[in-house]
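The next block holds one structure in the form of C-alpha cells; read it before the comments.
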Amino acid sequence: MTSTPRIPVDAATLPHGGEMPLLGFGTWQLKGDDAVTATAAALECGYRHLDTATVYGNEGEVGRALAASGVDRDDVFLTTKLIPKLAGKERATIEESLRLLGTDRVDLWLIHAPAKAGNVALWEAFIEAQQAGLAREIGVSNFSLEQVDELVEATGVTPAVNQVEWSPLLHDADVLEGHRRRAVLLEGYSGLRGGILDHDVVTGIAGRLGRTPAQVVLRWHLQHGIVAIPKSRDPERVRSNADLGGFELDAADMAALDALGRPAD
C-alpha cells in the first residue's frame with residue numbers, strides 16, 4: 001500500500017447548506033463485491049463523497065460499505081439518481097434508494113437524464129421529496145442550460161447541481177460560466193475517459209510535476225471548481241486518484257488543458 005493520500009478539502013456550499021466535496025468517488029459499472037470493496041477502499045483512504053444511482057444497481061452495496069466503514073453517515077456526502085422512465089414513481093424510488101443505502105435521506109438526488117417530455121413534472125416531484133426531508137439537495141444530470149432554465153421558469157426552484165460528462169477534451173468556458181451565472185454547480189463524470197490520459201499535454205504536465213495523468217486531470221477539475229467523481233476497482237488507483245492535495249497546476253498548465261476543449265477554428 002502507498003502512504004495515506006493527501007485528499008483535498010475543497011467543497012462547494014449548496015443552496016440548503018450542504019457541503020459537497022469537489023472530489024467524490026463514482027460507482028458507475030461497479031457491481032456486487034467489486035462495488036463493496038471499491039467503496040470501502042474509497043472511504044478508508046478518505047473520500048467523503050459517494051455517487052451512485054438507481055440504474056447502477058449497486059445502492060445496496062454502497063450502503064453496505066458505508067455501514068461497515070465506521071465513518072459517520074453525517075460525514076459522507078451521498079448522491080443517487082432517478083432515471084426518467086421511473087416518472088410517476090418518484091416517491092417509491094427514493095424510498096427504496098434510502099432503504100438500500102441504509103439512510104433516512106440523501107445529500108443530493110438527481111434526475112439522471114432529461115425526459116422526452118415531462119421534465120417539469122419530474123422536477124416538481126423532486127421538490128416534494130426535498131420538502132419531505134428525503135433529499136437535502138436536488139439537481140439534474142445531462143441537462144442543457146436551456147433545460148435547466150425550463151425547470152426554473154416553471155417552478156422557481158433552481159437545481160443545485162448539473163452532472164454532465166466533462167474533461168479537458170470537453171471543456172467549454174461558456175457552458176461553465178453559464179452554470180455559474182445560474183448558481184448551478186457543475187459536476188463532471190467520465191473525466192478520465194476518452195483518451196485524455198494519453199494526450200501529450202496531459203502526460204507532459206504529469207511528467208514535469210511527478211504526478212499521474214489522472215491526478216493532473218482531476219486537479220484541473222478542482223481548480224475550476226468543478227466536482228470530479230473518478231471511479232476504479234483497483235484500491236491503489238482509488239488512493240492515487242485521491243492524492244490531489246499536495247500540488248497545484250499553474251496558470252499556463254490550466255490554459256493548456258482548457259485549450260484542449262476549444263473547437264477548431
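The values are calculated or read from the model by the stated rules, or taken from the named source; none is laboratory data. Just so we're clear, the structure is a prediction, and the values are computed from it rather than from any experiment. Neighbour counts run over all protein chains shown; Cβ positions are idealised from the backbone, glycine included. These area figures cover heavy atoms from the full protein model, side chains too; ligands, DNA and RNA do not enter into them. Shrake-Rupley method; radii C 1.70, N 1.55, O 1.52, S 1.80 Å.
Inspect the stretch 153-172 for any residue being aromatic (F, W, Y) and more than 18 Å from A256 (Cα to Cα) and give the result as yes or no.
no
If I go through the stretch 128-144 residue by residue, how many of them are more than 10 Å from W109 (Cα to Cα) and surrounded by fewer than 22 Cβ atoms within 10 Å (Cβ to Cβ)?
Selection size over the stretch 128-144: 6.
Within the stretch 95-102, is even one residue among the charged types (D, E, K, R), at negative phi and touching a Ser or Thr at 6+ places or on another chain (Cβ under 9 Å)?
Looking for residues that are among the charged types (D, E, K, R), at negative phi and touching a Ser or Thr at 6+ places or on another chain (Cβ under 9 Å), one finds at least one in the stretch 95-102, hence yes.
Being free of Cβ contacts under 8 Å to residues at least 40 places away in the same chain and either touching an Asp or Glu at 6+ places or on another chain (Cβ under 9 Å) or among the hydrophobic types (A, V, I, L, M, F, W, C) (or both) narrows it down to one of V164, V227, so name that one.
V164
In the stretch 1-47, what count of residues is obtained for those that are in a loop (DSSP other than H, G, I, E, B), open to solvent by 40 Å² or more (accessible area, probe 1.4 Å) and in contact (Cβ under 8 Å) with a residue 40 or more places away in the chain?
11
Scan (1) buried (at least 19 other Cβ atoms within 10 Å of the Cβ); (2) in contact with a helix residue (DSSP H, G or I) (Cβ under 6 Å, 6 or more places away or on another chain) for the single condition L222 breaks and write down its number.
In the conditions (1) buried (at least 19 other Cβ atoms within 10 Å of the Cβ); (2) in contact with a helix residue (DSSP H, G or I) (Cβ under 6 Å, 6 or more places away or on another chain), L222 misses (2) alone.
Out of curiosity, is E153 part of a helix (DSSP H, G or I), farther than 23 Å from H221 by Cα and free of Cβ contacts under 8 Å to residues at least 12 places away in the same chain?
So E153 passes the test.
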